[in-house]
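Novice: Here you go, one structure.
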């Protein structure tokens, strides 16, 4: 579908979603980004590439991911029927693998021999290390030192998979700092290195490319939901850090005005706490960082703030540019969810459904828990259950005052 | 457009030597010391001055310049204060070109039009904005040129002949050739390739070519300055400041340490072509 007034046409040929997006990178990287754009255009029109990716999605990742009716949670909340799109059941435990497979095939086509990535919670790092192991490519993952500590199990997984994990001590040692360091590596090793960005952000073509790889979530959901309920869902909810799982599940529904769409941002300690959250759209303003113009948390001098979230995967002061566009257009409603709301949702889901969600996904779930009771029993909500929470068990224990 | 940049490069060429382009971070290690360093640099032999705009996320800089930016920001440096530094310098020196160098976001948040007006009044001659490639010229490059401020573009080893046309199109003042793919502060490896690249760029433009990244000593400056119209030294100067600090603060030696290095480097460019 490519109609004039569609919300699904972006970006334009210069990589802009309205005001947002673009290619704000150093000249050293510019030729490479133009190459990447060309290589991606060629790949997406090549049936062989599609077939190879399709086969990996089926046999390696385990797609399609199930659509699951969360019966006990529905009963507990007493309103709309709640479904989970279970991306946490994918190989490596999150939606991140969808993007990594698409990009590693592209890196191979481009003849790149070394892969670098940034990671926050470690889910993207694990998925990248996994595809690098699968295709025999060396892999360096940049990870903030704070995150290395709070996501120790994922650090070990990456090392087992053969990746080198480089802790980044600059700044607060979180995802933003990891991304700076990955960009520094890339600009230094531009000849042989492919930067496998994990979210739908960065310079064009990354936001569009990552969205395309993740859009399989929404495309599958459309079909599965029609089979389950014979209609479209009334609401879709996803957590938003950089926003790749969110744009992935949203994109197929952007032109269906009857489907309400919600993005749950990291509200941390609350929006009123200075530098105490990572809700870049609810609490920030447009600026330029990491290759794109988008909503950012920043001070009046244009210096980027560190922000805070209990969830390492949402602990980033920016967001993908297409989300900024969708916010301004009013199509998607972005809401902040606090650390405590996410922790509560995490526990309720675990007890009622026997599913331990990632703390990131628990932010989406907390929004579902607010919405469902306000909706009728004949209505439906789908949550993108983007990742599993095994990696978060230590963090949650600490917050609950339990020693593991 | 002010002619300070062209005049200064011409003067150096007339003297048979490259221009010495020195970089410091505005507000490092503190505003007062930074102003004194800036004000005294020309006397020690600097020909063109690049003044860094501190930014929280300097993606193209190595650890030395990252830390300098952090020191400046921790001391409360803002773009307002950086412009005020230029204004104070300009009252003492009407001829030495000042180039502001940094990243786009602080300028974007200040407001492009307001920034250009204030920069012009302060006496800024040119801008180097690392994360604004030719593809984003509409943001700042074209408005700057319209108001008479040069927009100096970086060219790199990855800029091939075809791309060079795009890069040079709206470049003014001088061309900054980055001697390597990498971040500031890395080591210079292949000086012959740098000379070749300078000659290649010269065949595409009449603008002076300054070379930066990896030039640390008077000998480096002399070697690179054989072919280049200007040699840019940044990290080495910032490190001289860093090494002079006591408990992270300016010491009695800080200003002398950096000015001493500028003097050495000036001696290097003097003998570059002798």
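FYI, it's all coordinate maths here, none of it is from the lab. Quick caveat, the model's predicted, so the values are computed rather than measured. Cβ: placed from backbone, ideal geometry, glycine included. Neighbour counts: every protein chain shown.
Novice: Using 13 Å as the cut-off for backbone N distance, which residues of the range B:186-207 belong to the label zone defined by a point 7 Å from the Cα of residue B:217 along Cα→Cβ?
Specialist: B:188
Novice: Sticking with this structure for a sec: For an R0 of 60 angstrom, estimate the FRET efficiency from the Cβ-Cβ distance between residue B:113 and residue A:258 and round to the nearest 0.05.
Specialist: For residue B:113 and residue A:258, the calculated efficiency is 0.90.
Novice: So what are the three principal axis dimensions of the range B:4-270 from its Cα atoms, in whole Å, longest to shortest?
Specialist: 48, 41, 33
Novice: A further question on this structure: If neighbour count is taken as other Cβ atoms inside 10 Å, put B:244, A:329, A:386, A:311 in order from fewest to most.
Specialist: A:329, B:244, A:311, A:386
Novice: With the Cα gyration tensor of the range A:304-404 giving a ≥ b ≥ c as the square roots of its eigenvalues, does the rule (a/c under 1.5 for rounded; else a/b larger than b/c for prolate; else oblate) give rounded, prolate or oblate?
Specialist: oblate
Novice: Mind checking A:30-36 for the average number of partner chain beta-carbons within 10 Å of each residue's beta-carbon?
Specialist: Partner-chain Cβ atoms within 10 Å, mean over residues of A:30-36: 4.
Novice: Applying a 10 Å radius around every beta-carbon, put B:203-209, A:96-102, B:101-107 in order of their mean neighbour count, most first.
Specialist: Top to bottom by mean Cβ count within 10 Å: A:96-102, B:101-107, B:203-209.
Novice: Pulled fully out, how much extra length does the chain show between residue B:189 and residue B:84, if you take 0.36 nm times their separation in residues and subtract their Cα-Cα distance?
Specialist: Gain in length upon complete extension: 34.0 nm.
Novice: Could you list the residues of the range A:138-162 with an amide nitrogen less than 15 Å from a label point located 7 Å from the Cα of residue A:113 in the Cα-to-C-beta direction?
Specialist: Residues A:138-139 fall inside that zone.
Novice: Enter the mean number of other protein chain beta carbons within 10 Å of the beta carbon of each residue in A:290-303, as an integer.
Specialist: Per residue, the number of nearby Cβ atoms from other chains is 5 on average.
Novice: OK, next. Taking neighbour counts of Cβ atoms within 10 Å as a proxy for exposure, in what order, fewest first, do B:269, B:130, B:21 appear?
Specialist: Final ranking by Cβ density, sparse to dense: B:130, B:269, B:21.
Novice: Can you give the extra length, in nm with one decimal, that the chain gains between residue A:169 and residue A:229 once fully stretched, where that is 0.36 nm per residue apart less the Cα-Cα distance?
Specialist: Difference between extended and current length: 16.7 nm.
Novice: I've got another one for you. Compute the FRET efficiency between residue B:256 and residue A:19 as 1/(1 + (r/R0)^6), taking r as their Cβ-Cβ distance and R0 = 56 Å, and round to the nearest 0.05.
Specialist: Efficiency, rounded to the nearest 0.05: 0.70.
Novice: Taking 7 Å along the Cα-to-C-beta vector as the label spot, tell me the residue A:160-residue A:188 distance in nanometres, rounded to one decimal.
Specialist: Rounded to a tenth, the inter-label distance reads 3.0 nm.
Novice: Jot down the per residue volume, in cubic angstrom and as a whole number, of the convex hull over the alpha-carbon atoms of chain A.
Specialist: 131
Novice: Could you sort A:228-235, A:41-48 so that the peptide with the highest average Cβ count within 10 Å comes first and the rest follow in order?
Specialist: A:228-235, A:41-48
Novice: Stick to the Cα atoms of the range B:119-271, pair each with every other, and give me the Kirkwood hydrodynamic radius in Å at one decimal.
Specialist: 16.7
Novice: Next up: Counting only other chains, what is the mean number of Cβ atoms within 10 angstrom of the Cβ of each residue in peptide A:185-197?
Specialist: Partner-chain Cβ atoms within 10 Å, mean over residues of A:185-197: 2.
Novice: If you average 1/r over every pair of different alpha-carbon atoms in the protein assembly as shown and take one over that average, what Kirkwood value in Å do you get?
Specialist: After inverting the mean inverse Cα-Cα distance, the result is 26.0 Å.
Novice: Roughly how large, in nm² to one decimal, is the mean projection of the convex hull of the alpha-carbon atoms in the range A:110-225?
Specialist: 8.2
Novice: Can you tell me the length gained on complete extension of the stretch residue B:249 to residue B:11, counting 0.36 nm per residue apart and subtracting the Cα distance?
Specialist: Stretched fully, the residue B:249-residue B:11 segment lengthens by 82.0 nm.
Novice: On a C-alpha basis, how far is the centre of the range A:83-123 from the centre of the range B:10-67 in Å? Whole number, if you could?
Specialist: If you average the Cα positions of each part, the centres end up 42 Å apart.
Novice: Determine the equivalent ellipsoid of the range B:189-232 by diagonalising the alpha-carbon gyration tensor, then write out the semi-axes as square roots of 5 times the eigenvalues, largest first, rounded to whole Å.
Specialist: Semi-axes, largest first: 18, 11, 8 Å.
Novice: Using R₀ = 60 Å, calculate the FRET efficiency as 1/(1 + (r/R₀)^6) where r is the Cβ-Cβ separation of residue A:133 and residue A:5; round to 0.05.
Specialist: Efficiency, from the Cβ-Cβ distance: 0.85.
Novice: Turning to a different aspect of this structure: How big is the antiparallel share of DSSP beta bridges in the protein assembly as shown, given as a percent to the nearest 5?
Specialist: 20
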